[in-house]
Amino acid sequence: MTLFAALRLPREILFGKGQRHALPVVARKLGSRALICTDERFAATAIFAEIIASLQAADIDVLVHDRVLPDVPRDTVAACVEEALAFEPDMVIGIGGGSCLDMAKCAALLITHRGKLQDYYGEFKVPGPTLPLIAVPTTAGTGSEATPVAVISDPDRTLKVGISSPYLIATAAICDPELTMTCPSGLTAIAGADALTHAIEAFTAARRGGDHSLAQNHVFIGKSDLTDHFALLAIKLLGGSLEKACKDGSDEDARADVMMGALAAGCAFGTAGTAAAHAIQYPAGALTHTPHGLGVATMMPYVMNYNRSVSTDEMAEIGVALGLDAKARNADEMAEATIREISRLFAAIGITPTLAALGLAADKLDWTAEQAIGIERLIKNNPRPFDLTAMRRLIQAAYDGDLAAAAL
């Protein structure tokens, strides 16, 4: 038997309307003192006040850190931890978007193991379990509630930095679509496009075999039948409902589909990993100061066309999950139709179509290519290999808006 698969997930995942009300019971199993990481906007809402009151009613003492910033600046984590150490929390609860969840992961890490955040950059640098973490997302995009990764911005580095370890996976993820109902259309689009990109890159990631040491030495290990299951579910849900959720934020069914899609995508890429679209976004995003989800979605159709020659069958399966009619098409025609549909969907929700429109300067294309190809943990996942020339050509195609040139 040669079949190999792997999956790393939270111990408990709760999904559905009103599931936030389970938080006190879930938290009480972990202790009686909770550090809560959120941002200033959500901390001012009535729903947040209700959540805090419910925890206190369950005899859980809380310390609220409500100063989480986008992209989690490195030194803000140290400030949060210094504030929390005297409180001696039994758990950390992250409530908010991806940055709030990543802050919670980093806080749990440093409260437990101390030191500096930069001691843990990279893969498998976390030496052991951290404080239990409960992740409660309020946007539907990053999938951080299910992944082993925290991304931060370091002022000493141009690109954002990742800390990757199975020990960062939340103990529990509580996903309540009602928490996304007030998410603005633009943020819904960017977050949802990020999630769809996660799912596509996880499903088309390289399959890297069954060496018993693979999952012990790498956090992202490529696609398998288990990650494919979650990736296709995410593609189906997001393909069917993301556009609806962007057009009508009050559509409860669409909101639920998008949040489930983001969760499923996180379950997929948290083990399979992402690839070239993410590798290119890191330098492009650093130069343009644009949201992560916008950058990866801008790149996705071009990366799909680059990979199409080696991922034709996977692209065709993605098309079926998106609801495209496969009866009159062979696999190559279906793959082409799939890429067109992703381009159409992203255009419909306002995703920037080119790197030029994203704001990337023409004289930075070489630097962007050099930086992207150096992000080995992502490039090794791409199903079609890269050299610097191929990367530079792909980035030029995405800059020019020439989808056909991306396949060369």
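Annotations
- Helix axis angle, 74-85 relative to the chain longest principal axis, alpha carbon, degrees: 20 degrees
- A quarter of the convex hull surface defined by the alpha-carbon atoms of region 52-168 gives 7.1 nm² as the mean projection.
- The eigenvalues of the Cα gyration tensor, multiplied by 5 and square-rooted, give region 267-408 an equivalent ellipsoid with semi-axes of 24, 16, 14 Å from largest to smallest.
- Calculated P(r) of region 147-268 - Cα pairs past 25 Å, %: 32 percent
- The apolar share of the surface of region 160-282, taken as the fraction of accessible area on carbon and sulfur atoms (1.4 Å probe, ligands and nucleic acids excluded), comes to 54 percent.
- Region 335-391 pair-distance distribution - Cα-Cα, 5 Å bins, rounded %: 4, 15, 17, 16, 23, 22, 4
- Considering only beta bridges that DSSP places wholly inside the chain, some 20 percent are antiparallel.
- On the principal axes of its alpha carbon atoms, the chain extends 60, 50, 43 Å, with the longest extent given first.
- Among HIS113, HIS289, HIS212: highest mean-square fluctuation, GNM of the chain, C-alpha pairs under 10 Å: HIS212
- Nearest 10 degrees, 0 to 90: helix 185-203 Cα axis against the chain principal axis: 70 degrees
- Between ALA84, ALA284, ALA268, the Gaussian network model of the chain with springs among Cα atoms under 10 angstrom shows the greatest mean-square fluctuation at ALA84.
- The chain: most fluctuating residue of ALA202, ALA297, ALA321 per GNM, C-alpha cutoff 10 Å: ALA321
- Charge dipole (region 220-261, unit charges on Cβ, about Cα centre) - positive-most of PHE220, MET260, CYS246: PHE220
- Accessible solvent surface per residue of region 1-67, calculated while the other protein chains remain in place, 1.4 angstrom probe, Å²: 56 Å²
- In the chain, helical runs assigned H by DSSP with n ≥ 4 each contribute -39500 (n - 2.57); averaged across all residues and rounded to the nearest 500, the mean residue ellipticity at 222 nm is -15500 deg cm²/dmol.
- On Cα atoms only, tilt of 331-348 relative to the major axis of the chain in degrees: 50 degrees
- Qualifying lysines (Cα of each under 19 Å from Cα of LYS236; at least 8 residues distant if same chain): LYS223, LYS244, LYS247, LYS327
- Cα-based shape type of region 166-224, given that a ≥ b ≥ c are square roots of the gyration tensor eigenvalues and the cut on a/c is 1.5: oblate
- Projecting the Cα positions of ILE235, PHE386, CYS175 onto the charge dipole of the chain (unit charges on Cβ atoms of Lys, Arg, Asp and Glu, taken about the Cα centre) puts PHE386 furthest along the positive direction.
- Spin-label model distance (nm) - ARG11 vs ALA390, 7 Å beyond Cα toward Cβ: 4.3 nm
- If a spin label sat at a point 7 angstrom from the Cα of ALA404 along the line to its beta carbon, the backbone N atoms of region 329-344 nearer than 20 Å would be those of 332-344.
- In region 24-105, inverting the average of 1/r over every pair of distinct C-alpha atoms gives 12.7 Å as the Kirkwood radius.
- Per-atom-type breakdown for region 1-121 gives carbon and sulfur 52% of the accessible area (1.4 Å probe, protein chains only).
The values are calculated or read from the model by the stated rules, or taken from the named source; none is laboratory data. All values derive from a computational prediction rather than experimental measurement. Here Cβ is always computed from backbone atoms with ideal geometry, including for glycine, and neighbour counts include all displayed protein chains. Quick note on the areas: whole protein, heavy atoms, side chains included, nothing else; ligands and nucleic acids left out. Shrake-Rupley method; radii C 1.70, N 1.55, O 1.52, S 1.80 Å.
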